[in-house]
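Presented below is the structure to which this report refers.
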Amino acid sequence: MVAGAPRARSLSPDEFFEAVPVALAPRLPVLLRAFEAARGSGRLLKFDFGHPETHFELWHHARSARLEIGLHFEGPAELNTAALEHFRPRMLEVKRRLPRAELEPWLHGWARLYETVPADDLSDRLLTGSAARLAEYITALQPIVEEFWERR
């Protein structure tokens, strides 16, 4: 820590996840501020734009002290496979804006495009950084998600 730098304030999971939508909205273009936010069980928050089965997510993995930031495809297996096939050829474009993003099939026939960041503690500093990173994900990926839904 730099001498004189303010210490990060620890937040409870409720404080952290309640503050994320407030911190996120002003970082998004005006047309992307009309998201729906839904708190999952535990340390999970989902954001969607009318299709909850394709949502952006913040998920704190407390045991591994990581915060996952990404886009999840959690609909029927056919939809998730189609989403993977839609995003695969665009990964060079995605990686230019989100260099640490990884696309992979996941549990229950789901898929995700995500990265993780260190998260030893849910702090105000992590809140600021994760809201900014989530805004980058939404800004970069939501147009591709919209294109996916238009082709369905």
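The values are calculated or read from the model by the stated rules, or taken from the named source; none is laboratory data. Please read these numbers as outputs of a predicted model, since none were measured by experiment. Cβ coordinates were reconstructed from backbone atoms using ideal geometry, including for glycine residues, and neighbour counts include every protein chain displayed. The accessibility values were calculated without ligands, DNA or RNA, using every heavy atom of the protein model including side chains. Shrake-Rupley method; radii C 1.70, N 1.55, O 1.52, S 1.80 Å.
On the basis of being within 16 Å of Phe17 (Cα to Cα) and either at pLDDT below 95 or surrounded by 15 or more Cβ atoms within 10 Å (Cβ to Cβ) (or both), does Ala131 make the cut? Give the steps one after another, and end with the answer.
Numbers: within 16 Å of Phe17 (Cα to Cα): yes; either at pLDDT below 95 or surrounded by 15 or more Cβ atoms within 10 Å (Cβ to Cβ) (or both): yes.
Yes: the conditions hold for Ala131.
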*Exactly one condition in (1) touching a Ser or Thr at 6+ places or on another chain (Cβ under 8 Å); (2) within 17 Å of Glu136 (Cβ to Cβ); (3) in a helix (DSSP H, G or I) is not met by Leu67; state its number.*
(3)
_Among (1) in contact with a helix residue (DSSP H, G or I) (Cβ under 9 Å, 6 or more places away or on another chain); (2) over 13 Å from Thr139 (Cα atoms); (3) loosely packed, with under 13 Cβ neighbours inside 10 Å - the single one His60 does not satisfy_ = (3)
*Could you pull out the residue among Glu78, Glu68 that is in contact (Cβ under 8 Å) with a residue 40 or more places away in the chain and not hydrophobic (A, V, I, L, M, F, W, C)?*
Glu68
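Pick out the one residue from Pro76, Pro26 that is at pLDDT 95 or above and over 27 Å from Leu107 (Cα atoms).
Answer to the selection: Pro26.
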*In region 12-60, which residues are of a type in the set (Gly, Ala, Ser), farther than 17 Å from Gly75 by Cβ and part of a loop (DSSP other than H, G, I, E, B)?*
Ser12, Ala34, Ser41, Gly42
*If we scan region 2-18, do we find a residue that is at pLDDT 95 or above, open to solvent by 60 Å² or more (accessible area, probe 1.4 Å), more than 21 Å from Ser123 (Cα to Cα) and of a type in the set (Asp, Glu)?*
no
_Regarding region 64-83, can at least one residue be identified that is in contact with an Asp or Glu (Cβ under 7 Å, 6 or more places away or on another chain), of a type outside the set (D, E, K, R) and open to solvent by 40 Å² or more (accessible area, probe 1.4 Å)?_
no
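Can you say whether Leu31 is in contact with a Leu (Cβ under 6 Å, 6 or more places away or on another chain) and modelled with pLDDT of 95 or more, as far as the supplied structure shows? Show your work before the answer.
Working: in contact with a Leu (Cβ under 6 Å, 6 or more places away or on another chain): no; modelled with pLDDT of 95 or more: yes.
Answer is no for this residue.
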_Yes/no for Arg27 being of a type in the set (Lys, Arg) and either open to solvent by less than 50 Å² (accessible area, probe 1.4 Å) or over 17 Å from Phe17 (Cβ atoms) (or both)_ = no
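Test of understanding: among Glu115, Glu104, which residue is open to solvent by 10 Å² or more (accessible area, probe 1.4 Å) and either modelled with pLDDT of 95 or more or part of a helix (DSSP H, G or I) (or both)? Don't jump to the end; show me each part of the working.
Values: Glu115 fails: open to solvent by 10 Å² or more (accessible area, probe 1.4 Å).
The conditions single out Glu104.
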_Considering only residues that are open to solvent by 10 Å² or more (accessible area, probe 1.4 Å), in contact with a helix residue (DSSP H, G or I) (Cβ under 9 Å, 6 or more places away or on another chain) and not charged (D, E, K, R), which ones fall in region 84-101?_
His86
